[in-house]
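Notes for the one structure printed next.
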Amino acid sequence: MKNEKDVLILAIESSCDETAAAVIKNGREVLSNIISSQIALHTLYGGVVPEIASRKHIEKINQVIEEALKQAEVTLDDIDAIGVTYGPGLVGALLVGVAEAKAISYAAKKPLIGVHHIEGHISANYIENKDLEPPFACLVVSGGHTHLVVVEDYGKYKILGRTRDDAAGEAFDKVARAIGLGYPGGPKIDKLSKEGNPEAISFPRAHIAESVYDFSFSGLKSAVLNYLNAARMKGEEVVAADVAASFQKAVTDVLVEHAMMAVKEYGFDKLAIAGGVASNSTLRKEMEAACEKNHVKFYHPSPILCTDNAAMIGAAAYYEYLAGTRSGWDLNAVPNLKLGER
């Protein structure tokens, strides 16, 4: 299973509402990827409840780690290092993973590597795209983050733009709630949009004059809410599928436009997308078409590697391990950790 040159990383992810563990070989091969999702639990409340998420992580974390080792057919003796998400995310949720990783690292005498959650999302692209190497541009779109990043090298990033307010995924969740779809919003809007007309309603696309790569989605979200309220006050029928499709198109247009602008300005022939919203079918289709038109190679992880998982954390930890990054026993959860910080 393992020769002397192989590096095996046991990775742990608990930044939000998925308790996950994985074993990754040489940064790109998944030996196991175990995810215990809490979606059904949080659906009752219409969103993630941090306190409940933390308690559930404590219940599940040992089970998912044991299962990850078992499925990979390895023991802790075979593992070279422990990688763990330490930020950004929900502080209580992060603490469960960090404490667990530190305990295993200490007991098994294995190096500990703290991983940035967004770096994990970007690194998910390395797992299925064996040919992908930096430099390239990457659009990270998730529930908590919207970043346009230049990946200069493994572990080295330059942020071109980020959201000024709501993240794309957050806007999806809020609009889904307003339409009456419930939680989680992203997949539900994606599904409903297929039945709607994306040109039915003209929603705004925000552009920030002084920072062309930055994003803003709160105005779009407000426009959707205003449209719904106005229709209800006038007693007009709301076609939910048209609202969903028109909203999704407005988000996608801005994301694709910013990404293409960056690729052209920086002369890249490679673009990757990452994060939960990167599994959105319209975004994938539109981005693929734009890349083809501009002769840019398009990379994206499978949907299971777009949402939170530990395999992506293992991929990021591998390159940090090669670079000599090691975390001390003082590693702590940093809920608002910025990309590029340590």
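Apart from one condition, I273 fits all of (1) within 18 Å of the chain's Cα centre (by Cα); (2) assigned to a helix (DSSP H, G or I); the exception is (2). Tell me yes or no: at least one residue of the range 322-332 is of a type in the set (S, T, N, Q), modelled with pLDDT of 95 or more and farther than 15 Å from A81 by Cβ. Yes. Count of the range 153-186 residues, restricted to those that are charged (D, E, K, R), surrounded by fewer than 17 Cβ atoms within 10 Å (Cβ to Cβ) and in contact with a strand residue (DSSP E or B) (Cβ under 6 Å, 6 or more places away or on another chain), is 1. Summed over the range 45-91, residues that are closer than 23 Å to A108 by Cβ and in contact with a His (Cβ under 7 Å, 6 or more places away or on another chain) total 1. Residue pairs whose Cβ atoms lie under 6 Å apart, sitting 6 or more positions apart in sequence or on different chains, and linking a residue in the range 201-214 that is farther than 11 Å from H258 by Cβ and modelled with pLDDT of 90 or more to a partner that is of a type outside the set (A, V, I, L, M, F, W, C) and not in a loop (DSSP other than H, G, I, E, B), are I201/S246; F203/S246; P204/G219. Of everything listed in (1) under 23 Å from E170 (Cβ atoms); (2) out of contact with any Leu (no Cβ under 7 Å at 6 or more places or on another chain); (3) hydrophobic (A, V, I, L, M, F, W, C), the single unmet condition for L148 is (2).
The values are calculated or read from the model by the stated rules, or taken from the named source; none is laboratory data. In this text the structure is predicted, and so the values were computed from the model without any measurement. Heads up, the Cβs are rebuilt from the backbone with ideal geometry, glycines too, and the neighbour counts pull from every protein chain shown.
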